[in-house]
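The values are calculated or read from the model by the stated rules, or taken from the named source; none is laboratory data. Since the model is a prediction, treat every value here as computed from it, not as a measurement. Cβ placement follows ideal geometry from the backbone for every residue including glycine, while neighbour counts extend to all protein chains displayed. For the accessible areas, the whole protein counts, side chains as well, though only heavy atoms, and no ligand, DNA or RNA atoms are used. Shrake-Rupley method; radii C 1.70, N 1.55, O 1.52, S 1.80 Å.
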Amino acid sequence: MSMDKNFPLVLFWPGYFMYAGRGADTKVHAHHAIQIAIALESPIDVVYKSGQGSYQAVIINSDVAHECRTHGSSFVLINIDPETDIGAALKKEYLGKSGIAALASVDEYLSQLKSLLAGHNPTDEIYQLTNHFLHSIAHKHTPEPLDERIGQVLELLRQPELEVVSVKDLAGAVHLSPGRLIHLFTQQVGIPVRKYILWSKLMASLKRLDRHANFTHVALGGGFADAPHFNRTFKRMFGLSPTALLKSGR
């Protein structure tokens, strides 16, 4: 069964953005996310300030200017918020001395991913597989079961009718001090609570995003001040504009 029926595929979860599909060459650009690019077919050529290289799998540090050339081949792109535990661990593990580094030990992940991409509606399984892969290459253990109070905070942030919320409000709702909530949330979830609130706003906006959407309504529905604020935040987090996403994925 061909993988192409599931291409292109775009997935979001807090702290991460993933794209799988046919590649289009990019111009020189930089974004705040750490980026992992993995070739499903031909190697990916990456051009950057101090040189260039050809990779099966490569990790690119946040805010490093680069250009990717996939020559129309299929590939996987994973963007990781550098403020997450995984992002910080990847920086320490691979990017301490260089803005770009080759990744080894991706064969098992690729084999399983290709199998899932050939299946029917594989998004949940791809999320679980990719989350495990990121933890393994960052040498991070999967977090312990959530503290009940952090679970309550996550449920509050998932409420579709939730307006802009503060750390103080969330802490009061679960009977914690703001400082204790900030520490415990980062420890348990792997991303600072303020950044998670931003991700929640982006997720709320994305649910309203389609090719016929009014961007102002999309932005306001997610709690952003206006469409330009939403667009700037989206591009900084994911490395592409919402318009580019609509053209490339589902």
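At a glance:
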| read-out | value |
| --- | --- |
| Residues of the range 35-52 classified as open to solvent by 20 Å² or more (accessible area, probe 1.4 Å) and either part of a strand (DSSP E or B) or over 22 Å from Phe133 (Cα atoms) (or both), total | 7 |
| Residue within the range 56-74 that is in a helix (DSSP H, G or I), touching a residue at least 40 places away in the same chain (Cβ under 8 Å), within 23 Å of Ala33 (Cβ to Cβ) and open to solvent by 10 Å² or more (accessible area, probe 1.4 Å) present | no |
| Index of the failed condition, Arg208 passing every other in (1) touching a helix residue (DSSP H, G or I) at 6+ places or on another chain (Cβ under 7 Å); (2) charged (D, E, K, R); (3) open to solvent by 90 Å² or more (accessible area, probe 1.4 Å); (4) part of a helix (DSSP H, G or I) | (4) |
| Residue match in the range 79-99 (condition: open to solvent by less than 20 Å² (accessible area, probe 1.4 Å), in a strand (DSSP E or B) and either touching an Asp or Glu at 6+ places or on another chain (Cβ under 8 Å) or over 17 Å from Ser136 (Cα atoms) (or both)) | no |
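Here is a yes/no grid of residues against (1) assigned to a helix (DSSP H, G or I); (2) out of contact with any Lys or Arg (no Cβ under 9 Å at 6 or more places or on another chain); (3) modelled with pLDDT of 90 or more; (4) open to solvent by less than 30 Å² (accessible area, probe 1.4 Å):
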{"position": "Ile150", "(1), (2), (3), (4)": "yes, yes, yes, yes"}
{"position": "Val164", "(1), (2), (3), (4)": "no, no, no, no"}
{"position": "Gly172", "(1), (2), (3), (4)": "yes, yes, yes, no"}
{"position": "His175", "(1), (2), (3), (4)": "no, no, yes, no"}
{"position": "Leu181", "(1), (2), (3), (4)": "yes, no, yes, yes"}
{"position": "Gln187", "(1), (2), (3), (4)": "yes, yes, no, no"}
{"position": "Arg250", "(1), (2), (3), (4)": "no, yes, no, no"}
